[in-house]
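One structure below.
The values are calculated or read from the model by the stated rules, or taken from the named source; none is laboratory data. Predicted, not measured: the structure shown is a model, and the values here were computed from it. Glycine also receives a Cβ, built like all others from the backbone with ideal geometry; neighbour counts cover every protein chain displayed. Just the protein is used for accessible areas: all its heavy atoms, side chains included, with ligands, DNA and RNA removed. Shrake-Rupley method; radii C 1.70, N 1.55, O 1.52, S 1.80 Å.
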Amino acid sequence: NDDVMAMDVNDNSTYLALWLCSAIQNSSLLENAGDDDDKNEAESRLDFPLHLLPSPNNYRSFFANLPVFWSKSDLSYLQGSNFFLEQLQNRKEHWNNLYDEIITADPTFANTSHDISPRRLFDWAKACVGTRTLSLETWTGDLKPMSTAFNVSALVPMVDMLNHCCRSNPSTCDWGVKANNDEFIVTVGPNGLNAGDEAFISYGFNPNSYYLLNYGFALEDNTRHDGFSPDVAYLPVNNTNDIHKNNNHQTTQTQWIKVSIGDLQIATRALSTIRYAVFCNHTNNKDDCDLSSFVSPISIENEKRTMNILYESAKSALNQYPTTLNEDRIRLEEKRCSNGEFVLKPFTKHRNAVLVQAGEKRVLLHWIQLSQACLLYLEDIQRAHQEELEVAEEVNQKEEETAQSVDHNLTFDIYCSLLESQLKKVTPLPNFMNS
């Protein structure tokens with residue numbers, strides 16, 4: 001319907017979902033409906049092999065591991081992952097709002113002669129598109145030098161069946177589309193693949209929380225060869241008004257601050273955001289400042305408040321979980337005496353949730369220890385400087401007082417260098433695992 005296609009949708013994945021709904025509603029491709037000739041005729045008109053997609057009739061079982069379809073009991077596995085649960089709720093509300101908009105724009109969408117309801121058909125389509133689309137570079141013209149390249153989400157039959165694996169795995173393949181956009185090529189690694197081997201593609205190097213939310217799985221070992229893990233945690237930080245001042249958006253609601261281990265860009269963004277908020281809350285002269293001014297520490301007092309916020313926020317986030325990181329590790333390794341199988345079976349909802357939370361807790365514990373170490377260092381700087389000033393005042397030597405002030409500034413510079421060095425490290429602080 002033209003009214004539906006005129007909707008204000010900011011990504012083409014929703015258009016793909018609507019196209020799938022329309023394709024199903026206007027074909028006989030539902031399970032046990034029509035014969036092979038009907039299906040072949042429908043596919044020739046659609047130019048897409050719909051039978052390769054999960055059947056709309058039993059999509060709930062096929063997409064059972066997608067959290068958007070989890071029951072309340074299943075979601076209890078994620079207790080404590082408050083940012084994840086908030087994102088999940090936002091996704092559900094987004095789907096609800098989209099469906100309402102579609103029905104408003106085209107009431108006939110709710111009319112179907114099939115067994116499956118229009119809303120369940122819409123959920124099936126969104127799940128298919130969300131888990132199976134690939135980013136594809138396409139062109140506005142026939143000749144690349146005379147046209148513009150842009151990325152779109154595309155359904156690519158067969159390629160969308162390949163599971164995820166990191167690029168370092170020799171079974172991980174590359175794929176691409178030919179210039180005419182009509183054919184795709186899958187390229188194997190230098191060692192090739194043997195008959196019967198499973199081929200993989202990379203979905204990107206992402207946190208386990210991303211994989212679970214969008215694809216319904218979590219990796220047992222989500223680390224790179226150098227020990228870096230992309231797993232992240234989100235800190236609930238209150239009273240951060242004016243953080244988004246440059247975007248003309250001010251709020252005193254809870255802000256989620258993303259942190260990780262070893263990603264300097266994420267760490268710098270988190271620290272500069274909190275430093276700026278602290279500065280704005282303790283000064284009236286903030287018109288000429290923005291986040292770029294707070295990439296590095298600006299003062300001992302500001303840095304102490306920043307690290308204290310980080311410490312309290314990380315500790316508060318960690319306390320939301322019903323289990324500790326060590327308990328999670330034990331549960332992930334626990335096996336049954338009878339058959340040696342894992343108690344939490346691989347690829348199950350419960351195990352995926354524990355893997356996600358273990359990654360989050362690991363990051364939170366790292367930032368608790370890091371902020372504690374920074375606070376102790378800053379306290380030592382202040383205490384030493386105060387003692388030096390008292391000595392200088394007793395002997396009433398102006399030159400010595402000036403020299404000691406320079407030493408104080410140099411010590412703070414050393415702190416800044418040590419902090420930046422630590423933020424680049426991909427492994428946690430010493431003894432972190434025993435925290």
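Sub-9 Å Cβ pairs linking a first residue in segment 313-334 that is within 15 Å of R362 (Cβ to Cβ) and aromatic (F, W, Y) to a second residue that is open to solvent by 30 Å² or more (accessible area, probe 1.4 Å) and assigned to a loop (DSSP other than H, G, I, E, B), at least 6 apart or interchain, are Y321/Q79, ordered by first then second residue. Filtered by the rule that a residue be in a loop (DSSP other than H, G, I, E, B) and in contact with a Cys (Cβ under 7 Å, 6 or more places away or on another chain), segment 190-204 gives A199, S202. Can you say whether E86 is charged (D, E, K, R) and more than 26 Å from Q255 (Cβ to Cβ), as far as the supplied structure shows? No; evaluated as a whole, the condition is false for this residue. Being open to solvent by less than 10 Å² (accessible area, probe 1.4 Å), more than 20 Å from the chain's Cα centre (by Cα) and either closer than 28 Å to G130 by Cβ or modelled with pLDDT under 95 (or both) is true of A277. Taking the criterion of being modelled with pLDDT of 75 or more and exposed (fewer than 12 other Cβ atoms within 10 Å of the Cβ), the residues of segment 376-400 that qualify are L376, R383, Q386. Just one of the numbered conditions (1) touching a Lys or Arg at 6+ places or on another chain (Cβ under 6 Å); (2) open to solvent by 20 Å² or more (accessible area, probe 1.4 Å) is not true of L325: (2).
Of all the residues in segment 16-65, those that are open to solvent by 80 Å² or more (accessible area, probe 1.4 Å), over 18 Å from M158 (Cα atoms) and at pLDDT 80 or above number 3.
Of the residues making up segment 157-175, just one is part of a strand (DSSP E or B), open to solvent by less than 60 Å² (accessible area, probe 1.4 Å) and under 16 Å from G216 (Cβ atoms), namely H164. Scanning segment 401-423 for residues that are at pLDDT 60 or above and either outside any helix (DSSP H, G or I) or open to solvent by less than 70 Å² (accessible area, probe 1.4 Å) (or both) yields a count of 8.
Residue under question is I330, and the condition is that it be open to solvent by 70 Å² or more (accessible area, probe 1.4 Å) and more than 24 Å from the chain's Cα centre (by Cα); does it hold? Judged against the criteria, I330 is a match.
Filtered by the rule that a residue be of a type in the set (V, I, T), in contact with a strand residue (DSSP E or B) (Cβ under 9 Å, 6 or more places away or on another chain) and modelled with pLDDT under 95, segment 199-246 gives I201, V237, T240, I243. When segment 103-129 is filtered for residues that are open to solvent by less than 40 Å² (accessible area, probe 1.4 Å) and either under 22 Å from L50 (Cα atoms) or free of Cβ contacts under 8 Å to residues at least 60 places away in the same chain (or both), the ones remaining, listed by number, are F109, I116, P118, L121, F122, D123, W124, A125, K126, A127, C128, V129. Kindly evaluate F109 against the criterion of being in contact with a helix residue (DSSP H, G or I) (Cβ under 7 Å, 6 or more places away or on another chain) and at pLDDT below 85. Considered against the rule, which asks whether it is in contact with a helix residue (DSSP H, G or I) (Cβ under 7 Å, 6 or more places away or on another chain) and at pLDDT below 85, F109 comes out as yes. Please state which of the following conditions N1 fails to meet, knowing it meets all the rest: (1) modelled with pLDDT of 90 or more; (2) farther than 30 Å from T324 by Cα. N1 satisfies every listed condition except (1).
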